[in-house]
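Undergrad: Next up is a structure, given as structure tokens.
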Protein chains: 2
Amino acid sequence: MANYQATLDHVFHALADNTRRQVLERLARAPMTVSELARPFDMALPSFLQHLKVLEESGLIVTRKEGRVRTCEINASSLTPVEDWVSGQREVWSSRLDRLDALLMARASAEDSEEI
Amino acid sequence: MANYQATLDHVFHALADNTRRQVLERLARAPMTVSELARPFDMALPSFLQHLKVLEESGLIVTRKEGRVRTCEINASSLTPVEDWVSGQREVWSSRLDRLDALLMARASAEDSEEI
DNA sequence: TTGATAATTAGCCATATGGCTAAATAATGT
DNA sequence: ACATTATTTAGCCATATGGCTAATTATCAA
């Protein structure tokens, strides 16, 4: 893995498009050829190919060509950096919330004792 | 939440930039004003402000202005759609791998019995 | 060999993105 | 009132993105 930040850039960018997410969702069930994959989308093939290229360059899918047919497959391990970053952040963000909660609770009790 | 897909588009797009991820990482520790937040980045303030706007429009941060100072804070709940999508996919992707494993194992045993 | 099929390349177009400087606003401090 | 500080707006620029059509290439099938 050359550069973690660049990887995150590319993977997040690839995921920031509904067409591409739908491609991933379909590939999650089974590998598929380019034209099978493209069929449901209301888009010219060259436009669709650009999306596949983004997905492949991000590492989210891998493809191989046999004869004139290219088959695309999901690359499960490619989700890991994103999962790691997101869950890492989630942890810090919510611990911040916990501390905030604790602070507010402490203040509330302090006010309670001040009452009367 | 008006449109789940549009939300994912915006949040993933906001996360696809290291400057913006660093902003989030710093805000995860504590709320901060715009200029405090901007200080470590080698970038003109107006450029930096654009990043903050992207983060705010995606819902990842919230800001409020008091006097002439704008304070930024992380919005912990905004990570949920991303976590949901990613962990949902992870589940399907790896169950596909499991099935693939099973298939390969089955083939391997079949070949074993064929041997000799 | 000829035609159909699958994918790819080339090139065009509009809009978005990410950077900048210079100027404008809006509060605050003296 | 005046200067300082904290943003904000306006406008410029280069490159990237996401769409298209038309033309090419490569393979397969009759």
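Undergrad: Condition check: open to solvent by 40 Å² or more (accessible area, probe 1.4 Å), part of a loop (DSSP other than H, G, I, E, B) and either more than 9 Å from every other protein chain (Cβ to nearest Cβ) or in contact (Cβ under 8 Å) with a residue 12 or more places away in the chain (or both). Does B:P40 satisfy that?
TA: Considered against the rule, which asks whether it is open to solvent by 40 Å² or more (accessible area, probe 1.4 Å), part of a loop (DSSP other than H, G, I, E, B) and either more than 9 Å from every other protein chain (Cβ to nearest Cβ) or in contact (Cβ under 8 Å) with a residue 12 or more places away in the chain (or both), B:P40 comes out as yes.
Undergrad: Let me ask something else about it. Return a yes/no flag: does the stretch B:8-15 have any residue that is more than 22 Å from A:S87 (Cβ to Cβ) and either within 12 Å of chain A (Cβ to nearest Cβ) or part of a helix (DSSP H, G or I) (or both). Break it down stepwise before answering.
TA: Narrowing the stretch B:8-15 to residues more than 22 Å from A:S87 (Cβ to Cβ): none.
No, the stretch B:8-15 contains no residue that is more than 22 Å from A:S87 (Cβ to Cβ) and either within 12 Å of chain A (Cβ to nearest Cβ) or part of a helix (DSSP H, G or I) (or both).
Undergrad: Another one. Starting from the stretch A:67-85, keep only residues that are polar (S, T, N, Q), then list their pairs with residues that are in a strand (DSSP E or B) and open to solvent by less than 20 Å² (accessible area, probe 1.4 Å) whose Cβ atoms are within a distance under 6 Å, requiring at least 6 positions of separation or different chains.
TA: Hits for this filter: A:N75/A:I61.
Undergrad: When the stretch A:1-26 is examined, which residues are found to be of a type in the set (D, E, K, R) and more than 13 Å from the chain's Cα centre (by Cα)? Don't jump to the end; show me each part of the working.
TA: To start, the set of residues in the stretch A:1-26 that are of a type in the set (D, E, K, R) comprises A:9, A:17, A:20-21, A:25-26.
Correct list: A:R26 only.
Undergrad: Which condition number in (1) surrounded by 15 or more Cβ atoms within 10 Å (Cβ to Cβ); (2) at pLDDT below 95 is the one that B:S77 fails?
TA: Of the numbered conditions (1) surrounded by 15 or more Cβ atoms within 10 Å (Cβ to Cβ); (2) at pLDDT below 95, the odd one out for B:S77 is (1).
Undergrad: For the stretch A:27-37, give me each residue that is within 22 Å of the chain's Cα centre (by Cα) and touching a residue at least 12 places away in the same chain (Cβ under 8 Å).
TA: At the first step, the residues of the stretch A:27-37 found to be within 22 Å of the chain's Cα centre (by Cα) are A:27-32, A:34, A:37.
If the condition is that a residue be within 22 Å of the chain's Cα centre (by Cα) and touching a residue at least 12 places away in the same chain (Cβ under 8 Å), then A:L27, A:A28, A:P31, A:M32, A:V34, A:L37 are the ones that fit.
The values are calculated or read from the model by the stated rules, or taken from the named source; none is laboratory data. Treat the numbers as computed from the prediction; the structure is a model and nothing was measured. A quick note on method: Cβ atoms are made from the backbone with ideal geometry, for glycine too, and the neighbour counts reach across all protein chains shown. These area figures cover heavy atoms from the full protein model, side chains too; ligands, DNA and RNA do not enter into them. Shrake-Rupley method; radii C 1.70, N 1.55, O 1.52, S 1.80 Å.
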